[in-house]
1. Assigned to a loop (DSSP other than H, G, I, E, B), out of contact with any strand residue (DSSP E or B) (no Cβ under 8 Å at 6 or more places or on another chain) and either over 20 Å from residue 308 (Cβ atoms) or modelled with pLDDT of 95 or more (or both) - does that describe any residue in the range 90-99?
2. Just the residues that are more than 25 Å from residue 88 (Cβ to Cβ) and out of contact with any helix residue (DSSP H, G or I) (no Cβ under 9 Å at 6 or more places or on another chain), please, taken from the range 165-198.
3. Is it true that residue 149 is more than 30 Å from residue 125 (Cα to Cα), part of a helix (DSSP H, G or I) and more than 17 Å from the chain's Cα centre (by Cα)?
4. Here is a check on your reading of the model: is residue 268 within 16 Å of residue 227 (Cα to Cα), surrounded by fewer than 18 Cβ atoms within 10 Å (Cβ to Cβ) and in contact with a strand residue (DSSP E or B) (Cβ under 8 Å, 6 or more places away or on another chain)?
5. Here is a list of conditions, (1) touching a strand residue (DSSP E or B) at 6+ places or on another chain (Cβ under 6 Å); (2) closer than 30 Å to residue 205 by Cα; (3) crowded, with 19+ Cβ neighbours inside 10 Å, and residue 244 meets all of them except one; can you say which number that is?
6. For the range 249-256, check the following and say yes or no: at least one residue is at pLDDT 95 or above, within 30 Å of residue 60 (Cα to Cα) and outside any loop (DSSP other than H, G, I, E, B).
7. Given the conditions (1) touching a helix residue (DSSP H, G or I) at 6+ places or on another chain (Cβ under 6 Å); (2) more than 30 Å from residue 126 (Cβ to Cβ), report the number of the one that residue 302 does not fulfil.
8. Quick one: in the range 149-163, of everything that is touching a helix residue (DSSP H, G or I) at 6+ places or on another chain (Cβ under 7 Å) and either without any contact (Cβ under 8 Å) to a residue 24 or more places away in the chain or crowded, with 20+ Cβ neighbours inside 10 Å (or both), which residue is nearest to residue 12 (Cα to Cα)?
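The values are calculated or read from the model by the stated rules, or taken from the named source; none is laboratory data. These figures come from a predicted structure and were not determined experimentally. Positions of Cβ are generated from backbone atoms using ideal geometry, with glycine treated the same way; all protein chains shown enter the neighbour counts.
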C-alpha cells in the first residue's frame, strides 16, 4: 500500500507546525508544503513572537485553552531540554495594564508562570491605568523557530515546494489530503469573506537593557496600543491592529505613535538605535479559527484564521489536525 500523500498549503508558522506534526506523528505519509513564501519571509518572522492569545475573534475559550496550552507545553519542553537557543525560545516577564479597575484576569492565567495582580501602590506608576498584572511567558522567535521545525520536517522525509497555489483543486489529483494553512490568503483562496487583515506595525530597536515586556490597553475606539517585547537581539515596539487595512507599508502616523508611546513609559527608548520598521497582516477571521473539513471538498482540511495568535495556537492546532487525519485515513493505510 502506497503512502498517503498530503499537501500543506502555506509555509508560515501554522503551516510548518502542521506539516511537522503530520509528517512525524502519522505513519506512512508523505507531506509536501506548498508556499509562495517560507522563512524568513513569513508574517511570523516579523512578529514579536510572544506566547499569549491575542486578537481572537470568536474561537470558543475551551479550544483557545487547549491549543494554547499544547504550544506552551512544547516551548516549555524545548526550554527544559536545552534546545531554547536553537529554537528561538526564551522566557520573558510581562506587565500589562488596563483602564477598568475591575478588569478580569485572562482565563489562561494559570498556564503562564507567576501570574499576579499589581498592587495599588505599583499601579501608581502606571496612572491613569487602574488595573494591571504581571506574569512570565515564553518568547518564540520565528526567525529561529521556523528553521528549527523545517529541519525536523525535512529530516523526517517532508518536502518543500516554493510556489503560489491559487486553486486548491489543482492538488486534488496528486494528493489524498490537502490542508489549507494560508492565513490571510484564505480570503481569496477558499474564498472566505470572513477573513480580513488585522494590520500590525512595529519598530525594531536595539535596547539590550530592556528585560521586561509591557502592554497597555488601547484607548476606547483606538486600533493602536503601546507595547514592547524584548527578543533575544532586539526589542519590538508596537503597535497596531487595524482591521481591514491591507497596506504593508509603514505609516508615519503609526510610527510616531509607536515611538512616542514607548518613550512615554520607558524614556530610555529615546536613545535606542532604530533597526527597521515592519508591517504584517495578521489573518483575522470573524467567528475565530476555522479548523474543519470542507463541506464541499472531501479532501480539504482548513486550518486558518488565527489572528494575532498564530504562534500561540500553532502546535495545538497541529495536534488537532493530526487527530482529524487519523480519523479520516483508513486504518489499512496507516
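1. No: the range 90-99 contains no residue that is assigned to a loop (DSSP other than H, G, I, E, B), out of contact with any strand residue (DSSP E or B) (no Cβ under 8 Å at 6 or more places or on another chain) and either over 20 Å from residue 308 (Cβ atoms) or modelled with pLDDT of 95 or more (or both).
2. Correct list: 169, 170, 171, 172, 173, 174, 175, 186, 187, 188, 191.
3. Against the criterion (more than 30 Å from residue 125 (Cα to Cα), part of a helix (DSSP H, G or I) and more than 17 Å from the chain's Cα centre (by Cα)), residue 149 does not qualify.
4. no
5. (3)
6. No - not one qualifying residue is present in the range 249-256.
7. Against the list (1) touching a helix residue (DSSP H, G or I) at 6+ places or on another chain (Cβ under 6 Å); (2) more than 30 Å from residue 126 (Cβ to Cβ), residue 302 comes up short only on (1).
8. Here the answer is 149.
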